[in-house]
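Every number here is computed from the coordinates shown, using simple stated rules; none is lab data. Just so you know, these numbers come straight off a predicted model, no measurement behind them. Reconstructed Cβ throughout: ideal geometry from the backbone, glycine too, with neighbour counts over all protein chains shown.
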Amino acid sequence: MAEDLVKRLSKEGVKFVQLLFVDITGRVKSVTLSPAHFVSSINDGVNFDGSSVEGFARICESDMVLKPDVGTFAILPSTTHKTAIVFCDAYTPEGKPFEGDPRFILRQALEKAEKLGYTFKVGPELEFYMFNKTDSDVPEPHDAGAYFDFSPIDLGGEIRKDVMIDLESMGIQTEVSHHECGPGQHEIDLRYGDAMTLANRVLIVKNLVRLTAAEHNLFASFMPKPVKGIAGSGMHVHQSLWKNGKNSFADASNKYGLSDTARHFLGGQLVHAAALTAIVAPTVNSYKRLVSGYEAPVHICWGRRNRSALIRVPEHSKERVNASRMEFRACDPSCNPYLAFAALLTAGLDGIENRMEPPEPIEEDVYAFDDSELAKLYINNLPENLFDATVALESDKVVRDCLGEFTFGKFIAAKRMEWNDYKIQVTGWELSRYFPII
């Protein structure tokens, strides 16, 4: 593999290679190397200061090593100096995998699934907004389009096509793209595949969308709720388990088309839903999206056609057995995809191991239910804010153990700091409501 890369670097005229890794918040970090230095890094790694990266190490444990995962090598399109990227794993100086590396955490979850004979596949749907660049403090959507609108109302269609072409040039398959519900809001769906590969691809998509929007003098944002009163941006994650080349979620004899494996997986995610929310919706702003009325989940339930449910099981024909899957709808694009996929898988596997049965599906609009109706159906709510979500995570041993004590501690500390900073802010809403009259 290394020898093939050396030949490709020369043949393609690559001038630089960027080593990529992520901190616990999901922010991408990079180190740029010359091709010659990259070749040596494959065997020896590259040292870096872990104490300067969110959630990595204390100052007294700062020395760390990045080792390229050469299977992720790809050449970026349309750069001034031809540049390749490769995702890396973090190691201690002693050569052990670093327990706080999000890729390592996902890899551990995937290995647990593999011991049970399963491969975990996901298909993320990434929503985002594009805004005009203005001097205003209020973001200005670049068009007035709505769901599935067509050009010329949809002004972002050509930009999405540019992104999809660039992704295809990097070997990344997309399913569809379209205008979303909000003005200036768009969606690009990735073709499903193994969770580690798709976590890498989520980060690449976000980067390419921002770069391509900037080339059109626009600003792209994956913020969950960038504008009051219009739809927030989610990252719905379609999930399935596979064994021996077959989809383990499918059972045509079941009235919902779900195998025992699928039902228990679903049951596990519902049981651990509150704790999962801290990881899949990890910012203060995430909870401005998780409110009634915008097709974002608020209640812990599942359904088939019900887009107000936390988990939706899409219907498909009996002939398309491999299409069996479940869509987790609380995720948003601010999450760290490695941690999100690891936590979702861990919760589902716990359901399988403990044979957790989900309740009957809810097909009515759950937003319209009052408290008594919710109580009658034993439907609980998702956490309403980041603090409540972290409390739920603290009390959930299964999801907490998925992160490991090191990362759990760093994650909770970072989220509590974010919440405490948010609590002391005086917002424009407060000033307009209270300042003139109190």
Inset, instruction - Work out the FRET efficiency for D44 and D4 from their Cβ-Cβ distance, taking R0 = 25 Å, and round it to the nearest 0.05. - result: 0.85
Legend entry - Inter-part distance where segment 270-349 and segment 403-438 are each reduced to a Cα centre, Å: 24 Å
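Using the C-alpha atoms of segment 368-420, what convex hull volume per residue, in cubic angstrom, is computed?
Working: hull volume 5.1 nm³, N = 53.
In segment 368-420, the Cα convex hull volume per residue is 97 Å³.
At 222 nm, what value in deg cm²/dmol follows for the chain if DSSP H runs of at least 4 each add -39500 (n - 2.57) and the sum is divided by all its residues, to the nearest 500? List each step's numbers first, then the result.
Working: 13 runs with 159 residues, N = 438.
Calculated from helices alone, the mean residue ellipticity at 222 nm is -11500 deg cm²/dmol.
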Inset, instruction - Would you mind getting me the FRET efficiency between T80 and R416? Use the beta-carbon distance for r and R0 = 51 Å, nearest 0.05. - result: 0.75
Legend entry - Spread of Cα-to-Cα distances over 10 Å intervals beginning at zero, given as percent, for segment 2-98: 16, 48, 28, 9, 0
